[in-house]
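Reading through the structure tokens given below for one structure.
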Amino acid sequence: MRAAARQHQEIACAEAGGATIRQLYGSAPGEHQMERRAASPRLRLQSWPERTPREAVQVKASACERKMRWRCATQLHTMNSITSPGVHLKIAPFSNGFGADVLGVDPHLQLDDDEIAQVRRAWHLHSILRFRRLEVTPDEHTRFSRRLGKLHIMTPLKFNLEGYPEVFVVSNASKRNPDEPVGKSAGEVGLRRAGEGFHTDGEDKAIPNAGSMLYAAQVPPEKGDTLFVDMYAAYEALPSQVKSLIAGRRARYSRIDLHPVHYPHMDPLTPEQKLERPDVFHPLARAHPYSGRTALYIGRWACDIEGLPVEEGRALIRYLQDFAKQPKFIYTQKWQKGDAILWDNRCTQHCATGFDDERYVRTMYRTTLEGETPLMARTPVRLKLEEFA
Ligand SMILES: O=C(O)CCC(=O)C(=O)O
Ligand SMILES: [Fe+2]
């Protein structure tokens with residue numbers, strides 16, 4: 001065997017040869033270690049399809065090149081947007097490039113076409129954009145969002161703002177007096193305690209939402225933060241064996257199976273609602289249609305993994321969810337009234353955190369952008385499970 005071919009085989013072997021899923025996760029991150037379970041003796045992971053050494057090198061080189069190009073583009077964009085004359089907005093990235101402030105923006109979000117193009121570019125580069133000191137009406141909020149893409153109308157309609165079906169309301173305010181929390185009685189103006197658990201909007205639908213823009217109309221004096229995860233960074237940091245393991249694989253998302261788990265306090269789904277929310281399958285390694293980068297795509301409605309025994313799939317999902325929750329991937333938004341965050345659901349996850357909702361009111365308005373079918377990322381090595389003969 002030629003040296004290069006042997007080396008290639010050794011790499012494939014080191015990444016995949018004979019390892020069980022349990023062995024691959026030996027070093028689970030964070031405090032939530034994956035439940036230890038007996039590894040199935042029938043599973044064997046092998047590299048597939050075989051790549052020639054030349055192909056393997058090419059794939060690695062082009063991935064490197066893409067990363068370099070992306071870094072250069074990010075830096076150039078940042079420099080240009082801060083210094084170029086004639087560009088109205090300033091894009092000030094947060095310290096690690098995940099997230100950026102949009103400065104110099106009109107408080108009513110009246111932007112010209114160049115500024116919209118600038119916002120769109122910055123959004124694709126930084127994944128989340130923060131706008132501060134806005135004073136937008138629901139009309140201005142929807143008009144601005146619509147310039148970024150087609151708007152999605154959330155169902156059930158009862159949580160949307162009256163007269164504005166495109167504005168979804170996250171709130172614990174009482175309908176009788178919107179300055180008061182609803183407390184234990186019924187009759188709040190929007191969906192209360194929405195999104196408490198890491199997720200991406202619409203992950204349980206065949207066409208998840210591309211983005212969302214959340215505007216803080218009323219905030220509590222403490223807590224009620226929103227956490228955002230950089231899922232590009234999470235993907236990039238995954239051990240190579242895990243990247244190989246998830247390559248080409250899809251998770252099953254099930255509102256039907258997980259509704260009782262995530263919403264035990266709510267009514268069970270009706271047969272009609274179940275028909276409206278059938279299970280869907282999405283790639284675990286997702287290619288962003290505009291940046292071309294690969295993000296880890298996993299959220300709280302993921303149940304198990306196509307082609308893996310149920311328990312193995314669940315363990316892998318738990319591992320990936322815990323991996324993504326590491327503080328190093330998280331930006332915490334501490335809301336002030338008038339803040340808005342525009343996020344990209346294709347490469348981030350988010351999670352609302354609690355506050356004293358019997359004492360304070362928190363009212364957030366969200367517009368939601370229609371998305372596209374998630375793209376499977378092309379990756380250098382795919383693994384398939386084989387049974388021992
Ligand atoms: O209220 C929040 O912090 C976020 C809620 C949420 O998940 C959403 O609006 O998509
Ligand atoms: Fe959400």
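The values are calculated or read from the model by the stated rules, or taken from the named source; none is laboratory data. Because the structure is predicted, anything quoted here is derived from the model rather than measured. All Cβ positions, glycine included, derive from the backbone under ideal geometry; neighbour counts span all protein chains shown.
Here are the numbers:
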quantity: Residue within region 277-298 that is more than 25 Å from Ser95 (Cα to Cα), among the acidic types (Asp, Glu) and under 21 Å from the mean Cα position of the chain (by Cα) present; calculated: yes
quantity: Single residue of Ile305, Ile317, Ile246 found to be modelled with pLDDT of 95 or more and over 17 Å from the mean Cα position of the chain (by Cα); calculated: Ile305
quantity: Count of region 210-228 residues which are of a type outside the set (Gly, Ala, Ser), part of a loop (DSSP other than H, G, I, E, B) and surrounded by 21 or more Cβ atoms within 10 Å (Cβ to Cβ); calculated: 1
quantity: Identity of the residue in region 339-355, within 15 Å of ligand 1 (Cβ to nearest atom) and part of a loop (DSSP other than H, G, I, E, B), that ends up surrounded by the most Cβ atoms within 10 Å (Cβ to Cβ); calculated: Arg346
quantity: Thr226 being away from ligand 2 (no atom under 16 Å from the Cβ), in contact with a Ser or Thr (Cβ under 8 Å, 6 or more places away or on another chain) and either in contact (Cβ under 8 Å) with a residue 60 or more places away in the chain or of a type in the set (Phe, Trp, Tyr) (or both); calculated: no
quantity: Scan of region 173-192 for residues that are surrounded by fewer than 12 Cβ atoms within 10 Å (Cβ to Cβ) and either in contact with a His (Cβ under 6 Å, 6 or more places away or on another chain) or closer than 11 Å to Glu358 by Cα (or both), ordered by number; calculated: Lys184, Ser185
quantity: When residues of region 92-111 are limited to those that are at positive phi and modelled with pLDDT of 95 or more, the one surrounded by the most Cβ atoms within 10 Å (Cβ to Cβ); calculated: Leu109
quantity: Test: residue in region 231-250 that is within 16 Å of ligand 1 (Cβ to nearest atom) and surrounded by fewer than 20 Cβ atoms within 10 Å (Cβ to Cβ); calculated: no
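To keep it simple, each residue is scored yes or no on (1) touching a residue at least 12 places away in the same chain (Cβ under 8 Å); (2) within 15 Å of ligand 2 (Cβ to nearest atom); (3) not basic (Lys, Arg).
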| position | (1), (2), (3) |
| --- | --- |
| Gln321 | yes, no, yes |
| Lys334 | yes, no, no |
| Ala340 | yes, yes, yes |
| Arg346 | yes, yes, no |
